[in-house]
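Comments concern the structure below.
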Amino acid sequence: MIWRPYTQMKTAHTPYHVYAAKGVYLQLDDRLVIDSIASWWAMIHGYRHPELTEAIVSQAQRFSHVMLGDLTHDPVEALAERLARWTPGDLNYCFFSDSGSVAVEVALKMALQFYWNQGQSHRDHVLSLRHAYHGDTFRAMEVGDDPDYHFIVKRTGSQSTVTHISTEIKELEEAFDALHERLNCVIVEPLLQCAGGLRTYDVSFLRRARELCDRYGVLLVFDEVATGFGRVGERLASDLVTPDIVALGKALTGGYIGHAVTIANERVFSAFYDDNSEHALMHGPTFMGNPLACAVALRSLEIFEREDYLGKVRRIEAIAKRELACFKDPRIREIRILGDCICLETYDAQTLKGYQQYALEHGVFARPFLNYLYAMPPYIITEEELVKVIDVMKGWFNR
């Protein structure tokens, strides 16, 4: 039996079987449906893109995997170089891993050991956001603020090293006043808190965080696993405010293979670059720098730039704002649109009960959670297809 994600297996419905996929469409048992959430926000190019498929096949004909321990290969070297040019500032040092959660774990480990290597073991504290989600591994859960994971944090007794604040600048400043001597990093999903409820906030918060981190010598960490590669209307939110460490995943490979990367700047890397072997970063996922993943990531970045994907995202945002401009319903608390993210937050989760089946019957696959009805479609979606997705969302309230 498959133990499925985020699911109470005893009461779960039978999953929908996918037989094929192309473009924005999934072929289920008896119908063709638009994937409105791009397989957890990763398939920005849609399914079965010929160039991405070719990149994987071509690399597989050479070799599919070698470890990075004492070995290297062209795709990983090319991707590291490409990402160093693609990211802002001196974010030049790429540590690859196999998932977004692990990329965040690596970032948090880097931040802690950065100070430890310099004899500052008292800097054991992390500042994070309320409603944060950074992944399902243990340290990632700790800096997150998901009630489903609080039992883990309480059981391990480690919550005292993390403080959660709102995205109000005043609260950020108060936290620094109280904790700056103990902080090793501030970690945020920049501009858009995805799994925490598709919550948006202003770039001024990030700018102030950067100023305070610089003043007190604290590292700024961006979790751009979900927000990167155009999601918020920018290549990276890091282009607006540059962090010391950024974690990327999901769309890194266009969603075609699981892979992630944690990229650090010169200051961070230098704290590990030492004759003392104990100052090395002792971490090493088996599939880090996987050649297939690196090959497809390189092609994904090429397509992203060549075909003006930022323009596609801005078109999605404009269409969504147009289609929802006058839409209201007393059950809806707020409508939020940023880049590729379209969210209808309801007052009550019961309002969305049955929506998934309704959407399927109208040609759309969706997966609302809690009281959030949302879409994050592949960037290649046409205007007609996007309007259909939004019409289904509106149609649920107009029944």
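The values are calculated or read from the model by the stated rules, or taken from the named source; none is laboratory data. Treat the numbers as computed from the prediction; the structure is a model and nothing was measured. Quick reminder, even Gly has a Cβ in these numbers, built from the backbone with ideal geometry, and neighbours come from all protein chains shown. Quick note on the areas: whole protein, heavy atoms, side chains included, nothing else; ligands and nucleic acids left out. Shrake-Rupley method; radii C 1.70, N 1.55, O 1.52, S 1.80 Å.
Given the options THR242, THR163, THR286, which has the most mean-square fluctuation in a GNM of the chain, springs set between C-alpha atoms less than 10 angstrom apart?
THR286
Which value in nm describes the separation of the simple spin-label points at LYS328 and ASP239, placed 7 Å from the Cα toward the beta carbon?
Rounded to a tenth, the inter-label distance reads 3.6 nm.
Can you tell me the mean projection area, over all orientations, of the convex hull of region 296-354's alpha carbons? Units nm², please.
So the mean shadow area of the Cα hull is 5.8 nm².
Ordering MET67, MET282 from largest to smallest accessible area (1.4 angstrom probe), what's the sequence?
Correct descending sequence by accessible area is MET282, MET67.
May I ask you to list the trypsin sites (Lys or Arg not before Pro) in region 286-363 that are in a DSSP loop and have at most 12 other Cβ atoms within 10 Å of their Cβ?
Within region 286-363, the qualifying trypsin sites (Lys or Arg not before Pro) (loop, at most 12 other Cβ atoms within 10 Å) are LYS328, LYS353.
Taking the chain as a Gaussian network, Cα atoms linked when under 10 Å apart, which of ASP275, ASP98, ASP340 shows the biggest mean-square fluctuation?
ASP275
Provide Rg over Rh for region 1-106; use the alpha carbon set for both Rg and the Kirkwood Rh (inverse mean inverse pair distance).
1.04
Accessible area of region 1-116 with a 1.4 Å probe: how many percent of it is carbon plus sulfur?
Answer for region 1-116: carbon and sulfur cover 58 percent of the accessible area.
So for region 253-337, considering every pair of alpha-carbon atoms, how many percent are separated by more than 15 Å?
Percent of Cα pairs beyond 15 Å in region 253-337: 75.
If you bin the C-alpha pair distances of region 341-384 every 10 Å from 0, what whole percents do you get?
27, 52, 20, 1
Just to be sure I understand: with springs between alpha-carbon atoms less than 10 Å apart, which residue in SER101, SER39, SER204 has the highest mean-square fluctuation in the Gaussian network model of the chain?
In this elastic network of the chain, the residue with the biggest mean-square fluctuation among SER101, SER39, SER204 is SER204.
What share of Cα pairs, in percent, lie more than 25 angstrom apart in the chain?
More than 25 Å apart: 58 percent of the Cα pairs in the chain.
With label points built 7 Å along Cα→Cβ from the Cα atoms of GLU266 and ASP70, find their separation and express it in nm.
3.3 nm
Return a whole-number percent for the relative contact order of the chain, with Cα pairs under 8 Å and 6 or more residues apart as the contact set.
This gives 22 percent for the chain.
Please name which of ALA349, GLN120, VAL261 has its Cα lying farthest along the dipole of the chain towards the positive end, using unit charges on Cβ (Lys, Arg +1; Asp, Glu -1) and the Cα centre as origin.
ALA349
Arrange the residues ARG267, ARG199, ARG62, ARG231 by how much accessible surface each exposes, largest first, with a 1.4 angstrom probe.
Result, largest first: ARG62, ARG267, ARG199, ARG231.
Quick one: helix 74-86 against the long Cα principal axis of the chain, what's the angle to the nearest 10°, folded into 0 to 90?
Once rounded, the angle reads 90 degrees.
Along the charge dipole of region 244-349, pointing to its positive end and built from +1/-1 on Cβ of Lys, Arg, Asp and Glu, which listed residue (ALA320, TYR273, ILE303) has its Cα farthest out?
Positive-most Cα among the choices belongs to ALA320.
In whole angstrom, how far apart do the alpha carbon centroids of region 1-30 and region 205-275 sit?
The two parts, judged by their Cα centres, are 32 Å apart.
What dipole magnitude, in Debye to the nearest 20, does region 157-315 give about its Cα centre under +1 on Lys/Arg Cβ and -1 on Asp/Glu Cβ?
Here region 157-315 has a charge dipole of around 700 debye.
In degrees from 0 to 90, rounded to the nearest 10, what is the angle of the helix 309-324 Cα long axis to the longest principal axis of the chain?
Rounded to the nearest ten degrees, it is 50.
Grab the Cα-Cα distance for HIS279 and TYR358, subtract it from 0.36 nm times how many residues apart they are, and report the gain in nm with one decimal.
Contour length minus Cα-Cα distance gives 22.9 nm.
In nm, what is the difference between 0.36 nm times the number of residues separating GLU174 and TYR19 and their Cα-Cα distance?
50.5 nm
If the only charges are +1 at each Lys and Arg Cβ and -1 at each Asp and Glu Cβ, what is the size of the charge dipole of the chain around the Cα centre, to the nearest 20 debye?
For the chain, the charge dipole is close to 1120 debye.
When only DSSP loop residues count, what GluC sites (Glu not before Pro) in region 302-399 have their Cβ near at most 16 other Cβ atoms within 10 Å?
GLU307
Taking the Cα centre of the chain as the origin and placing charges on Cβ (Lys, Arg +1; Asp, Glu -1), which of LEU192, LEU236, GLN61 is farthest toward the positive end of the dipole?
The Cα lying farthest towards the positive end belongs to LEU192.
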